[in-house]
Amino acid sequence: MDNLVLALAVGVAVISIIALVRVNQLRKGDLKTLRDIKEAKSALSKKVFYHGDSDIPNYRQFMQKLLKVERKFTRYHISLIKLGKQPVFDDVEEHLDSLSELFNTISKSCEPFALALYDSEYILMAYVTQGSGANAQEAAEKQLEILAKLPDQVSISNTQVPIDYAISSLSLTGYSAIYGMDKVQRRLAYSMEHALESDNGVFFHNEQLYKAEMYKKHVLRKLTSSISFNPDDFYLVFQPIYIPHDLDRPKRYEALIRWKNNRNLGPKTFIPMLKSQPGLQEGMTEIVLNQVFSLLKVQLETKKHLTPIHINITKQELNTEHLFSHLKQLLKGAPSIASFIIFEVEQNEALADSEYIKSNMRKIINLGCKFSIDNFANDKKSYQLLSNGYYKTIKVDKSYIGEIRDRRATSESLEQIMSTALRAKLTVVVEGVENQYQLEYVKNFENAMLQGYYISAPLSAHDYLSLEGKRSLSVNALQ
């Protein structure tokens, strides 16, 4: 029995010693881990919250300071200051001394609540006041006050270098929907683009303008995706164009693009956006041209009658060879289709002045296509476009026919256009015919054609093919 007790005691002692050794090893490991974490935190703090080894905080520390302020009834004025409209410093590390000197000078002269360096080009500045809300006028005055206090030169490598500034600012309360550094930064960066374009280098944030521009960017991203990867997101409708005395059979059509999208955005929303994006506009025109060509080719192959189709293009598209190259490749399989394609170009001075545009137009005309001037106006610049002989049709804006509201009304401007076009042997398409008085008035001109909802709304591709099919049957019957 005694031997058993002794054996158990020895066993317990051995286990205890092993456990103590193990615990000691774990403690050493834990201590090492804690030391590593502490060192990492210290290093991270320096690199993230400060620029290198300097004492200049960056925007993270800046926001930390703001968050310590009691948000209730607090108003903030925050400015993003670009250090030179053209960069003065190429990086932080090589100019720490100069940046530190500038940073300290601005801190003393402007006395902000929080100040931080954001890379080597920007400084963030914040003021905190008590109030019930943001006052735009006060904030704009604060911008100019800051600008006046900023130093007009900085020492770089012992040389005094002139420095100008651009300032974008916003005001917000602690309960504002845009409170938070990410939202603030996006708005300040957006406003900085406008500040750099302004004469005095300042711009105060406009939330409505910002949202409108962000919405536009969102739509453009969606458009880019559809044009680049999903061309089937677009479809065509066809606005018939008639001779006033024959409203049974369209003599032409205008192809109008429509976009299938979740927001049901119509052409009045997305078409103007395309005009600022030449690459997207070219892609959209390709889609329209491809669909028009496919429809005409199907009709040609089934020996049906073809009716000319107008396609809208921009002046910018004639300023490159992209349209001509795509059209030339497309027409290889059916060159006769070219004579049924009429490009509508919105009038522009460059159409008359640019030799390069004229050269591209001649190339397209040589393929067999025709041109029409869109939104033709009763002025000297418009009439100058007629002298080059590139246009066979002009289309007048609906504002001219809009003057006709009763049977006694006339439009002197429209009559002048019609008279000039008749002498030049040009056809005039009157756009926007919306009532019987306008229809009867257009009948007075022998060189007129018309389009408008009073006669017909745009037709779907199915209705267009059906109508054209009936026309072909009647033509074949006459033959």
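The values are calculated or read from the model by the stated rules, or taken from the named source; none is laboratory data. Bear in mind the structure is a predicted one, so any value in this text is a computation, not a measurement. Methodologically, a virtual Cβ is constructed for each residue, glycine included, from the backbone with ideal geometry; neighbour enumeration extends over all protein chains shown. The area values use the complete protein model at the heavy-atom level, side chains included, leaving out ligands, DNA and RNA. Shrake-Rupley method; radii C 1.70, N 1.55, O 1.52, S 1.80 Å.
A few points about this structure:
- Look at the Cα gyration tensor of region 352-479: its axes a ≥ b ≥ c give a/c of at least 1.5 with a/b at or below b/c, and that counts as oblate.
- A Förster radius of 30 Å, combined with the Cβ-Cβ distance separating L144 from E94, puts the computed FRET efficiency at roughly 0.40.
- Carbon/sulfur fraction of accessible area - region 231-292, other protein chains in place, 1.4 Å, %: 48
- DSSP beta bridge pairing in region 142-266, given as percent antiparallel to the nearest 5: 80
- Packing-based ranking, highest mean first, of 401-411, 372-382 given that Cβ atoms within 10 Å are counted: 372-382, 401-411
- The accessible-area ordering, largest first, of the residues H322, H77 stands as H322, H77, per a 1.4 angstrom probe.
- Surface/4 estimate of mean projected area, convex hull on alpha-carbon atoms of region 390-442, nm²: 3.5
- One quarter of the convex hull surface built on the alpha carbon atoms of region 132-232 amounts to 10.3 nm², the projected area averaged over directions.
- Between K363 and I178, the C-beta separation translates, for a Förster distance of 60 Å, into a calculated FRET efficiency of about 0.70.
- Tensor-based shape of region 351-425 (alpha-carbon gyration tensor, a/c under 1.5 rounded, otherwise prolate or oblate): prolate
- Net charge dipole, region 207-349: roughly 360 debye, given to the nearest 20, about the Cα centre with Cβ charges of +1 for Lys and Arg and -1 for Asp and Glu.
- Projecting the alpha carbon convex hull of region 212-256 along each direction and taking the average yields 4.9 nm².
- Sequence ranges 155-162, 194-201, ranked by mean other-Cβ count within 10 angstrom, highest first: 194-201, 155-162
- For the pair region 326-363 and region 157-191, the centres of their Cα atoms are 47 angstrom apart.
- Annotation: the antiparallel percentage among DSSP beta bridges lying fully within region 224-354 is about 55.
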